[in-house]
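One structure is given here, and the rest of the page talks about it.
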Amino acid sequence: MKMNGGFFQVREHGTSVKREMMAGVVGFFTIIYIVAVNSLILSEAGVPFEGAVLATILTSFVGCLIMALWANAPILLVPGMGINAMFTYTFVQSMGLTWQEALGVVFVSGILFFIISVTRLAGLLNAAIPNTLKEAISVGLGFFLMLIGLEKGGIVVKGTNSLIALGNLSDPHVLVTLLTLIVAIIIFLKGWPGGFLSTILFGTAAAAVFGLLPKAEGEPFSVASYSGVFGAFSLEKWVELPFLIAVFSLTMVLVFENIGLVHGHTDFAGRPDKFKRSLQANAASAFLSGIFGTSPTVSTVESTASIAAGGRTGLTSLTAGTLFLVSVFFIPYMKWIPDMAIAPVLIIIGGLMVQNIRHLDLSDLTEAFPAIFIIVMIPFTYSIADGIAMGFILYPILKVFKGKAREVSTALYVISALFFINFVLHYI
């Protein structure tokens, strides 16, 4: 394939094959941590760990490939942080779905997302939901990830006289987490490439020094073990209310989060004309995630590392995707990664998402209170879907009683009513 000025139009984008491939390498080492982190979160939903690892790798490879060939954009598609927490802690642990049914939710939501991406619905939905609520969802997800990270590292525990309390700071597990967190923050502030990967490696080494590495038990890894995960999604309960509510919630998060991410990436790359195809590639990848056996992919924030390194075309994402495929050979070693090495990554990523709170206009209380409820209720209820529902229900109510009913779109009234009906039916 003739790449220099050919399929990827490298010359037309003012770049070179070498620069594009190096940008892909930078992006890969910035985001490779997702393989271990995503797999560990999915395993808590019941997905076999090694199957989750291979599902994450293959989904990332295929997602980057679709982005490269369809959109010719330097955007990396990998399972999204926050959404994987929604999959495990909301759909499975809170709503009672099996992990196979949760994959069915991903499959159906991906189809709906794709339909939205190829029609005018993407623009209509994006315009119907106020920015305050969309930003609040990101902030709430950030606090949720921070809480999960603090729990995994033992920094916070279930309290005796309160819901949560400070953990035992003399516990070796907590000490390793805190040490790794400090190192992770320093690495991040320094802006070193592959910072999260370095954090995981440091945390694993520190755990080894303290004799805290998990025991790698079970059969040796084989690709055949993935057969129980690939295509394991279940649609058996697709007409039942919990399944439908999960589909609705996930679709909303996928649409709003990815519209924002893709818009930001294409603008940063100086090619806003690639927005539509990039969003479509994202949607197609999210749909395939349910088949491969993982939570849906997103246009990861770490794509900015590739773009900043000079990536302008799909050759960047193709390079990163190929490296994901090569990482299959390292699967047997991922069982050794302890929670203490993963927790600091979750805490920092959550903190970065919380920074979106600066975009919130809290001067209007009819905007502020719904946003605050979303931010607070997502971590406090341990349910992303319930947290979003609280804010979406409260928003039109406050607007109506304040005499600002016309500021609420018809679509938002419908969405809020659906969330309210879900609560009513759930508790009848």
Filter result (over 15 Å from the mean Cα position of the chain (by Cα), aliphatic (A, V, I, L, M) and assigned to a helix (DSSP H, G or I)) within segment 343-377:
Ala343, Ile357, Leu365, Ala368, Ala371, Ile372, Ile374, Ile375, Val376, Met377
Are any of the residues in segment 104-127 surrounded by 21 or more Cβ atoms within 10 Å (Cβ to Cβ), within 18 Å of the chain's Cα centre (by Cα) and at pLDDT below 90?
no
Tell me the residue from Phe324, Phe329 that is crowded, with 20+ Cβ neighbours inside 10 Å and under 30 Å from Phe7 (Cβ atoms), please.
Phe324
Might you check whether a residue that is part of a helix (DSSP H, G or I), among the small types (Gly, Ala, Ser) and in contact (Cβ under 8 Å) with a residue 24 or more places away in the chain occurs anywhere in segment 86-99?
no
Those residues of segment 389-413 which are part of a helix (DSSP H, G or I) and either at positive phi or out of contact with any helix residue (DSSP H, G or I) (no Cβ under 9 Å at 6 or more places or on another chain) (or both), in sequence order:
Val400
Flag for Phe287 being open to solvent by 50 Å² or more (accessible area, probe 1.4 Å), free of Cβ contacts under 8 Å to residues at least 40 places away in the same chain, hydrophobic (A, V, I, L, M, F, W, C) and part of a helix (DSSP H, G or I)
no
Could you check, for segment 317-339, whether at least one of its residues is within 25 Å of the chain's Cα centre (by Cα), assigned to a helix (DSSP H, G or I) and closer than 23 Å to Phe144 by Cα?
yes
So is Ala385 touching a helix residue (DSSP H, G or I) at 6+ places or on another chain (Cβ under 8 Å) and either under 16 Å from Gly140 (Cα atoms) or buried (at least 21 other Cβ atoms within 10 Å of the Cβ) (or both) or not?
yes
Residues that are under 20 Å from Lys152 (Cβ atoms) and part of a helix (DSSP H, G or I), drawn from segment 52-84:
Ala52, Val53, Thr56, Ile83, Asn84
Enumerate the pairs (first residue in segment 297-308 and surrounded by 24 or more Cβ atoms within 10 Å (Cβ to Cβ); second residue anywhere and among the acidic types (Asp, Glu) and assigned to a helix (DSSP H, G or I)) with beta-carbon separation below 7 Å, excluding pairs fewer than 6 apart on the same chain, so at least 6 apart or on different chains.
Val298/Glu257
Within segment 155-173, restricting attention to residues that are touching a residue at least 24 places away in the same chain (Cβ under 8 Å) and open to solvent by less than 60 Å² (accessible area, probe 1.4 Å), which residue is nearest to Pro338 (Cα to Cα)?
Pro172
Which ranges mark the helices (runs of 4 or more DSSP H) fully within segment 122-219 that have 3 or more residues being under 30 Å from Phe248 (Cα atoms) and aliphatic (A, V, I, L, M)?
131-152
How many of the residues making up segment 189-246 are open to solvent by 30 Å² or more (accessible area, probe 1.4 Å), among the aromatic types (Phe, Trp, Tyr) and at pLDDT below 85?
2
Could you count how many residues in segment 5-51 are out of contact with any strand residue (DSSP E or B) (no Cβ under 8 Å at 6 or more places or on another chain), crowded, with 18+ Cβ neighbours inside 10 Å and either in a loop (DSSP other than H, G, I, E, B) or not hydrophobic (A, V, I, L, M, F, W, C) (or both)?
18
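The values are calculated or read from the model by the stated rules, or taken from the named source; none is laboratory data. In this text the structure is predicted, and so the values were computed from the model without any measurement. So basically every Cβ, Gly included, is an ideal-geometry build from the backbone, and we count neighbours across all protein chains shown. The area values use the complete protein model at the heavy-atom level, side chains included, leaving out ligands, DNA and RNA. Shrake-Rupley method; radii C 1.70, N 1.55, O 1.52, S 1.80 Å.
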